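The values are calculated or read from the model by the stated rules, or taken from the named source; none is laboratory data. All values derive from a computational prediction rather than experimental measurement. With ideal geometry, Cβ positions are generated from the backbone for all residues, glycine too; neighbour counts draw on all protein chains shown. Side chains included, ligands, DNA and RNA excluded: accessible areas come from the protein's heavy atoms. Shrake-Rupley method; radii C 1.70, N 1.55, O 1.52, S 1.80 Å.
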Amino acid sequence: MVVLIDIPSRFSLHTNAFADFWNSEDGREMLNLLPATPKLDLAKESIPLLFAKDDLADEVIDDIFLGKPFGEALQFATDCIANGTGESASLRELARQMTTVPDWVNTDLLDLGRKVCQRSGKSGLIVLRNYSLMLGYQSAAINKPLIATGALHSGAVKRIADTTNFWYAVTGTNALQRGNEGFNYCVRTRLVHAYSRVMIKQKLDWSIDQQGEPLNFWDMVATYLGFSLVFMRGLQNLGISVTEDESDAVYHLWKYIGYLIGIPPEIMPDNNLAAIKSLYLWSKTQPEADADSIALAHALHLEPLKAPWPARLSQKKFIQQVNLSFNYHLIGSRSCKILQLPEPKSKWIAKAVRNVNRIDDALGKMQWYRVLQIRRGRADQLVIRNRVNMQQS
């Protein structure tokens, strides 16, 4: 018997959206780790994920948020979940789910994964901004909810601050324990995603037949591969090594974060090979960058000029050139040109950082120095987090 499934018009095999990425040295190295390049027909198995979403969180929005000020409802729901309570059946069930730690969670792996993130220091945040985030703009589909909710007009400064705050919170020591900062960030992020999805479908011209569900599970997995697979590849490209044990721990960390966010754990990759296969199949079905993609990339490129820090225009322009150097080094010149990013005046900056990191990374083989790297890296990340928050005030 032939089973027919709906196929949104955004889905197409053999697209060229990320062709330059997979043809780059980095992309080829990743594919060479696999026994064979995945057959694209396998991507069809994930089509149902384009229509799958966090139904439980959507129910909470319908029960608690509609008719109330958003900030008040968000704080109320966050407090209820942290306390394991709720005034509606949906909120009580969400609280039960999020406060019950699944049997598969390994606290030692969570701890090792957060240490990798903390050890990455400034370079880790550079990779998230100039590799993970910018690379994702090459898909015309995954960014449509951002455009639909007006994120482009709200500004890249806020978007960078939101991402930095979330990442810093969830990678803290014991951060994901019930009621701690990382856990609460996961609660709020999950509810914001659900609220955005409900509002997009209620108030905007969103076609599920064409785009699938806003913030669907397949796109959510791709987003979290940006925090794990792409993040670790970026670190290695900047001279920071990640062992196989550390890599598995980072995937485990983000699998649990993804679970708290509402992604079914069974569709989250557990290791490098599964992650590469997952990213490859998702990327090969994405529509190529469009005007919205280019607008988002351009807004991120201009972000240093619009931020209040530093004060001098010459310093802002220097930071802009630094980011461009990392863009071209990490995602490659051809991908940057697709997004219409100008060439940096100082391409050597990223390579210089990589060389310094390589020396520091070699010293990290000594245990006492590795402890210092983690402490120093986290302190650097806190400075950057405080700085981006000041830019919003």
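Among the conditions (1) of a type outside the set (Phe, Trp, Tyr); (2) farther than 13 Å from VAL187 by Cβ; (3) crowded, with 18+ Cβ neighbours inside 10 Å, the only one that ASP55 does not satisfy is (3). The condition of being assigned to a helix (DSSP H, G or I), of a type in the set (Asp, Glu) and buried (at least 17 other Cβ atoms within 10 Å of the Cβ) does not hold for GLU45. Of the helices (runs of 4 or more DSSP H) that lie entirely inside the range 123-239, those containing 2 or more residues that are open to solvent by 20 Å² or more (accessible area, probe 1.4 Å) and over 25 Å from ILE64 (Cα atoms) span 144-148, 151-154, 156-170, 208-211, 217-227, 229-237. Whenever a residue of the range 268-281 is under 17 Å from ALA17 (Cβ atoms) and of a type in the set (A, V, I, L, M, F, W, C), its partners that are open to solvent by 20 Å² or more (accessible area, probe 1.4 Å) and in a helix (DSSP H, G or I), lying with C-beta atoms within less than 6 angstrom and at least six residues away or across chains, give the pairs LEU281/LEU42.
Looking at the range 278-298, which of its residues are part of a helix (DSSP H, G or I) and buried (at least 19 other Cβ atoms within 10 Å of the Cβ)? Even if it seems obvious, please write down each step before you answer.
Looking only at the range 278-298, we keep the residues that are part of a helix (DSSP H, G or I), and these are 278-283, 291-298.
Within the range 278-298, SER278, LEU279, TYR280, LEU281, TRP282, SER283, SER293, LEU296, ALA297 meet the criteria.
Checking each residue in the range 335-349 for being under 22 Å from the mean Cα position of the chain (by Cα) and part of a helix (DSSP H, G or I) picks out SER335, CYS336, ILE338.
Only a single criterion out of (1) assigned to a helix (DSSP H, G or I); (2) open to solvent by 20 Å² or more (accessible area, probe 1.4 Å) is not satisfied by TYR256, namely (2). In the set (1) in contact with a Ser or Thr (Cβ under 6 Å, 6 or more places away or on another chain); (2) part of a loop (DSSP other than H, G, I, E, B), the condition left unmet by CYS117 is number (2).
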